[in-house]
Amino acid sequence: MSAEVQPSETSSPADNMDPKISSHPMYTLEPRASFTPEYINPEMREKPPTEDYFIFRPTVVQQAVQEIQSRLSPEEDGNMRSSWILAQMSHWGTEREVIAFICDRSLLVCYYDFVELGRSHVFRIPLNYIDTVTWGPLSYPKMALNKREGNAIQIKWDKLREPPSVLSWWNPWTEDLSYMNLIQHPGNPTEKNLRDMCQLENFMEQLVEIVKVAHEQSPLPGRANGLLFLERPVTLDTSLGLVSLFNHKVQLGYAKPRWRFGF
């Protein structure tokens with residue numbers, strides 16, 4: 001029987017290690033005591049700037065336009081000619097972003113839910129009902145706290161309707177008004193095609209031309225037809241405008257990320 005080979009007392013753990021491991025420069029004689037993992041910083045591509053408004057994010061506007069376009073009525077609307085990203089200013093001075101569609105026979109103003117991407121409310125105005133278009137800078141009473149700069153377009157229809165009642169006038173959600181104020185969206189999108197959709201003056205020019213054509217082709221019986229185009233300030237009859245001031249500062253009428261939430 002052969003005798004067992006005893007390791008010498010002077011041998012070290014490194015003498016019994018696999019030579020392939022001990023020769024690797026990554027490992028030391030005492031890996032647990034002195035080994036430090038290496039940090040790697042790979043090159044990262046620059047991220048495109050994030051849009052402040054959901055409406056300007058890629059494919060969002062396209063989805064909304066396609067959805068509304070599928071609801072068009074060939075008899076009442078005809079073909080869609082153009083779509084626009086604008087904002088509506090109520091008689092209380094509050095703002096709300098909208099998508100406007102100029103069609104052959106109507107103007108559609110869509111209130112789209114850009115958070116849930118589905119629910120929407122569409123307001124239809126027949127073009128031959130529009131009798132007055134006013135274009136000019138916004139004008140406020142002297143006591144108003146919130147005064148938004150820039151031009152606006154006021155679209156009036158059914159000029160024979162009686163003025164709204166006091167209750168309707170003091171109701172910020174009333175729909176008993178025969179006019180609508182549209183202003184330019186405050187956002188500045190990065191894509192050129194979206195910037196073109198935000199041009200309020202171009203929208204006004206195209207709307208005026210097609211309304212004139214609608215009056216010639218489809219006059220209303222028993223009424224004086226024709227469009228009255230005025231270039232003068234668009235007056236808002238607000239008092240102090242506390243509601244519009246809060247709405248403007250927080251931008252409640254615009255879907256955008258707020259404190260990691262979107263509303």
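The values are calculated or read from the model by the stated rules, or taken from the named source; none is laboratory data. Because the structure is predicted, anything quoted here is derived from the model rather than measured. Cβ placement follows ideal geometry from the backbone for every residue including glycine, while neighbour counts extend to all protein chains displayed. To get the accessible areas, we keep the full protein, side chains included, count just its heavy atoms, and leave off ligands, DNA and RNA. Shrake-Rupley method; radii C 1.70, N 1.55, O 1.52, S 1.80 Å.
Shape of region 99-153 from its Cα gyration tensor (a ≥ b ≥ c, root eigenvalues): rounded if a/c is under 1.5, otherwise prolate when a/b > b/c, or oblate? Verdict is oblate for region 99-153. Entry comment: accessible area of region 75-142 is 39 Å² per residue, from protein heavy atoms only and a probe of 1.4 Å. Descending by average beta-carbon neighbour count within 10 Å, the peptides 106-116, 199-209 line up as 106-116, 199-209, the highest first.
How far apart, in nanometres, would the label points at Glu43 and Gln63 be if each is projected 7 angstrom from Cα along the Cα-to-Cβ direction? Placing both labels 7 Å beyond Cα along the Cβ direction yields 3.4 nm. The Cα atoms of region 68-131 give a gyration tensor whose axes a ≥ b ≥ c have a/c of 1.5 or more with a/b no greater than b/c, which makes the shape oblate. With a/c under 1.5 counting as rounded, go ahead and sort region 125-165 into rounded, prolate or oblate using the C-alpha gyration tensor (a ≥ b ≥ c being the square roots of the eigenvalues; past the cut-off, prolate if a/b is larger than b/c, else oblate). The shape class here is oblate.
Taking all protein chains in place and a 1.4 Å probe, what share, in percent, of the accessible surface of region 99-245 do carbon and sulfur account for? Heavy-atom surface of region 99-245 belonging to carbon and sulfur, 1.4 Å probe: 52 percent. Strictly greater than 16 Å: what percent of every Cα pair in region 130-232 meets that? Value for region 130-232 (Cα pairs over 16 Å): 69 percent.
Take 97-104, 150-157 and order them by the average number of nearby Cβ atoms within 10 Å per residue, most first; the result is 97-104, 150-157.
For region 147-228, the per residue solvent-accessible surface stands at 62 Å², with DNA, RNA and ligands left out and a 1.4 Å probe.
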